[in-house]
Structures are given as C-alpha cells and as structure tokens.
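Q: Below are the structure tokens for one structure; questions will follow.
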Amino acid sequence: MKDIKNYMGILAAAGTVFLLWLALPGGGEYPLLLAVACVPLFIAIALGTRRQAMGFGLLAGVSHFLVQLYWIVFVLGQYGGLPLYLSVPALFLLSLYMACYLMVFSWLANFSLKNCSATLCLWLLPCIWVGLDWLRSFFGSGFPWMDLGYGFASMPLWLQSADVYGHYGLTFLVILVNTLLLLCFVNRKQKQLCLRLVIPVVALLLLVSVYSTLRWQQMLAGEGERETLIIGVVQSNVDQGQKWNPERQQQTVQDYIGQSSQLMDKVVRPELVVWPETALPFFPVQHPLLPVIENFIRSEKIMLLTGAPWYERTGEGIDDIAFFNSSHLFDVTGKVIAQTAKTHLVPFGEYVPMQDLLPFIAPLVEAVGDFTPGKIQSPPACQKANIGVLICFESIFPDISRKWVQAGANLLVNITNDAWYGYSSAPYQTLAMTRLRAVETRRSVVRSANTGFSAFIDPLGRLLEVSPLFAAWESTAEVQLVEEKSLFVRGGYLFAPFCFFFSLFVFVSVLYGRKNTNYKKR
C-alpha cells in the first residue's frame, strides 16, 4: 500500500509540473490551467504521510525549477566559461534550493490538513505558499523567479487587482482555487461543508473581477488627462561574445547612433531615446567615443538614457575603486545630468558571494568586474518624467519598482541585456514579470533590451509594442506619465509578509494547542 501511495504521489507531482509548464510564460502559456495545476500534488500531499508529502514536494519542486531554469546551463557555460560538469550541477543545486520552499510548504500543508479545520485550511494554505514566495524573494540575495501569479501576464484584464496586493495576491488566488478543489475532493461526501467552502471563494473571485473591471475602465477613462512623453527605444542586437571586444566598440556606438537617427526621421520625434544596459561597453570617462555620442545628442537636441559601467574612487589606494552597473542620462547639450546604479546585483554574475570560500567561481565575474550595489534616491528627471531605472533583472523584484515610485518616479524604464539567455524561455518570463510591475505601480514601463524583448508597456500591463528576439529594432511610442500612487505602493506590498506571519502565528498556535492537549491527557 505504501509503495502504491509513493507511486501515485510521484505521478501526481509529475502531473503538476507538466500542468505548470503548460500554464506559465515560456511554456504552453495557457494560464487558465493554473486553476487546477497544483491539485494533483495537493491531493498527494493530503493523502500521504508527512515524510511522503515532503518527498513529493521536493520532487515536484526540483522538476519544476529544472524546467523553468534550464537556461542557467547556457548562461554559465557559454558566457561564464564553466564546463558542463560544473554548470549542470549548478543548475541542479539552484533548483534544489528553490524546491526546498515547496518541500516546506508540503510539510506545513500536510500538517495543517490533518490538524486544522477545512475552513481554516482553505485560507491557510494560500497564505503559507505566498509567505514562502515572499521569503524566497529576499533570503540569500533573493530569486523570486516565475511565481505563479505571473502566469496571467498575457491576460491584462485579470491583472488589475495587482495594484492592491501585487502579484502575490494573484498567486494567493491561484492557490486558493487549487486548495478549494483539493478540499472538495477530500470532503466530497460532505456536501454542506463543500458548499460552505465554495461560497466565500466564489464571492471573493467575483469581487476581484468587479474591481478589476472597474479599475480597467477607470484607468482608460483617465488616459486623455495624463501628461505623456514620446520615447524612442533602440535594440541593436549586439552579439554578447563580441560586446566587450575593444575593436568592436566603435561599431557598437555607430550602430546605436544609426538606429537612433532613423527615429529622428519619423513624423513624431522622440523627446528621449533609451539604449539598453551596458549599451556603451566601456567606461565613459574621457573615452574617445564619448564626444561622438555627445555630438549626436546636440545635433538632434534629444535626451539619451543609456547603460554603461562606471567607477568611483573610494580611497587613495590602487584597489580603492568601486565599480557600478549604471545608467546615464544625457541632456540635450550632451552633458550627463543624472546617474543611477543597479541596486540588486546578480550573484555569481556581478559579484561573488563568499569569494574567499568559493574562489573557483571567480572567473564568472572577470568579464564584467566585481560590482558595488547602488541606492534608490531621487529619480532622474527628463522633462515631465521622473524615471525609475530598473537595470537588468531588477524588474523581477516588485520592491525595487515600488521604492522608485515612492521616491517620486512617474515612469519606469527597464534597461537590460538578455543576450545571456539565448533562444530560451527566459526572455518570455522576464517580459511577463515586467508587465506586473506596470500594473502594481500603475506606471508605464519602457523596456530596452540588447537582443529583446524590448517593449512599451502601459499602466494596465498591455504590450503596446514589442520587439522580435535577436534582431535590430527601433521604435517610438507616446507613453503615459501617471502620478497616482497605487494601493500596492502605499501599503498593499505588506500583503505577502502578512501571509507569512499569519501562517507562522497559526502554526505556532496549533502546536501550542496540541502540546496543551497532550499535557491534559497525561
């Protein structure tokens, strides 16, 4: 019997992994499958022992993240210089780490289902899941990759409630529906109980639907009253293998200027042109190519926002230098009037954690240097816009966008270099996550990527225009500048930590209650 349970649990975990792949961006992209995707795993968790539940969760988690993060091997191998015998284990270790959160969820879910009422479990399981997602977003540097709420990125009308509780709220709803189906299956003979579980969930989903529809209409109605800025985006498709070649630098600059010049020939000229992360593959300090860029800016009388490495001296010693992955805003005279630096660096890509303990991984950052994180301060000002600059994968962290908006940003610009990912699912996933930043903060997001996807995203999360992958592309759009701060920015971001601490409170309370009960029995 135990072997049958294990066998069925393994099949259930595999079924959930397959359904999640079909549902999420970069896979089948059928988001409605999220409503049932976790049910097979949840049933296995509910029917198994606590140890079995942990095993099923770990198996499902490792398999799921191997499917979602397989491109790590490509990044570490082709650009990090690691051989397969190191890059493949690195992928497995990362997937194992990510899976530990699902394993913990499975243990807690099994415990809750066997010690709490069905009514409490209905709300507790989604809280546990969201709380662990939130923990994963910052613990150990943080890597909140492809939470389930992102699955609805291609259905903008369904996203609108995210301006209240962020993408975590959407994840909560997904797990809530899956938990409801689980509880109705387990208690299928108790019709009254199932009805008591269904009614509040249906009511909540109707409330969310009504809110999303009204918010959609409200945002559309206000479009004509908002300030706008005409922005041009350039995607030059510079080969990552040649990007940092000194002999290629002049051609790179000429390509960006040439494509930007084509935007100037349009009927509607941009007021600001955006180039991607490290579009200037050199330190623009008295560099001979800097005057070429300045002359272009002055001749066209435009402003330019571009990515480039930067450094500052921190002392008198030879090694007292801080390097930054930064953005530079040039005004119409060609003068740099604002700089920002990436605040959340990529571990093992832009810095090596515990370098003294892991010296063999140091070659991963030799090509880009060992960077220092920046700080979110006053957003760079460009005419009517105050720009919150998201560099590279900062767009997957909701707190970074939120902090920019709290600092006064009425526009978000994501400059990135996604060439690392190749033709994989990762560019589709990063674009989906970036769309949620627009809805959460109610800000337009302009995305300029070296190889794609570059895009214009409106405050409703709609893609106004998107580039092809690995192709030279340039385009111009008039984007809205929204001043209103969403509920998410003003306090709704606390929804996820609330879920975490609510789950912790319930778990401790149940343990304490069991301890007292056992003591009385003695």
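Q: Restricting region 395-432 to residues that are free of Cβ contacts under 8 Å to residues at least 40 places away in the same chain and either polar (S, T, N, Q) or in the same structural domain as Leu22 (by TED's automatic domain parsing) (or both), which is surrounded by the fewest Cβ atoms within 10 Å (Cβ to Cβ)?
A: Thr430
Q: Specify which of the listed residues (Lys189, Lys243) is over 28 Å from the mean Cα position of the chain (by Cα) and at pLDDT below 95.
A: After ruling out the rest, the residue left standing is Lys189.
Q: Of the residues in region 219-231, how many are part of a helix (DSSP H, G or I) and either under 26 Å from the mean Cα position of the chain (by Cα) or in contact (Cβ under 8 Å) with a residue 24 or more places away in the chain (or both)?
A: 3
Q: Here is a follow-up. Tell me which residues, restricted to region 255-275, are outside any loop (DSSP other than H, G, I, E, B) and not charged (D, E, K, R).
A: Tyr256, Ile257, Gly258, Gln259, Ser260, Ser261, Gln262, Leu263, Met264, Leu272, Val273, Val274
Q: Taking the options Gly77, Gly15, Gly48, name whichever one is under 26 Å from Asp418 (Cα atoms) and small (Gly, Ala, Ser).
A: Exactly one residue qualifies, and that residue is Gly77.
Q: Output the residues belonging to region 6-46 that are surrounded by fewer than 18 Cβ atoms within 10 Å (Cβ to Cβ), more than 28 Å from the chain's Cα centre (by Cα) and either touching a residue at least 60 places away in the same chain (Cβ under 8 Å) or not assigned by TED's automatic domain parsing to the domain that holds Met98 (or both).
A: none
Q: Further question: Here is a check on your reading of the model: is Thr340 in a strand (DSSP E or B) and assigned by TED's automatic domain parsing to the domain that holds Val413? Show your work before the answer.
A: Details: in a strand (DSSP E or B): yes; assigned by TED's automatic domain parsing to the domain that holds Val413: yes.
Here the answer is yes, as Thr340 does meet what is asked.
Q: I'd like to check something: does region 143-166 contain any residue that is in contact with a strand residue (DSSP E or B) (Cβ under 6 Å, 6 or more places away or on another chain) and either without any contact (Cβ under 8 Å) to a residue 60 or more places away in the chain or of a type in the set (S, T, N, Q) (or both)? Steps first, answer last, please.
A: First, pick out the residues of region 143-166 that are in contact with a strand residue (DSSP E or B) (Cβ under 6 Å, 6 or more places away or on another chain): none.
So far as region 143-166 goes, no, none of its residues is in contact with a strand residue (DSSP E or B) (Cβ under 6 Å, 6 or more places away or on another chain) and either without any contact (Cβ under 8 Å) to a residue 60 or more places away in the chain or of a type in the set (S, T, N, Q) (or both).
Q: So, of the residues in region 316-342 that are surrounded by 15 or more Cβ atoms within 10 Å (Cβ to Cβ) and of a type in the set (Gly, Ala, Ser), which turns out to be nearest to Gln286 (Cα to Cα)?
A: Gly334
Q: Next question. Determine whether Val365 is at pLDDT below 95 and either assigned by TED's automatic domain parsing to the domain that holds Ala455 or surrounded by 20 or more Cβ atoms within 10 Å (Cβ to Cβ) (or both).
A: Criteria met by Val365.
Q: Any idea which of Thr306, Thr278 is touching a strand residue (DSSP E or B) at 6+ places or on another chain (Cβ under 9 Å), hydroxyl-bearing (Ser, Thr, Tyr) and part of a loop (DSSP other than H, G, I, E, B)?
A: Thr278
Q: A further question follows. Within the set of pairs 6+ apart or on separate chains, which have a first residue in region 470-487 that is more than 12 Å from Ala385 (Cβ to Cβ), a second that is modelled with pLDDT under 95 and aromatic (Phe, Trp, Tyr), and C-beta atoms under 8 Å apart?
A: From residues that are more than 12 Å from Ala385 (Cβ to Cβ), the pairs are Phe470/Tyr423.
Q: Can I ask one more? Just checking, how many residues over region 496-513 are buried (at least 17 other Cβ atoms within 10 Å of the Cβ) and of a type in the set (Val, Ile, Thr)?
A: Residues meeting the conditions: 1.
Q: Can you tell me how many residues within region 291-312 are among the β-branched types (Val, Ile, Thr) and closer than 13 Å to Glu271 by Cα?
A: 2
Q: OK, next. Kindly establish whether Thr179 is closer than 26 Å to Asp399 by Cα, buried (at least 24 other Cβ atoms within 10 Å of the Cβ) and of a type in the set (S, T, N, Q).
A: Spelling it out, it is not the case that Thr179 is closer than 26 Å to Asp399 by Cα, buried (at least 24 other Cβ atoms within 10 Å of the Cβ) and of a type in the set (S, T, N, Q).
The values are calculated or read from the model by the stated rules, or taken from the named source; none is laboratory data. Note that this is a predicted model, so its numbers are computed, not measured. Here Cβ is always computed from backbone atoms with ideal geometry, including for glycine, and neighbour counts include all displayed protein chains.
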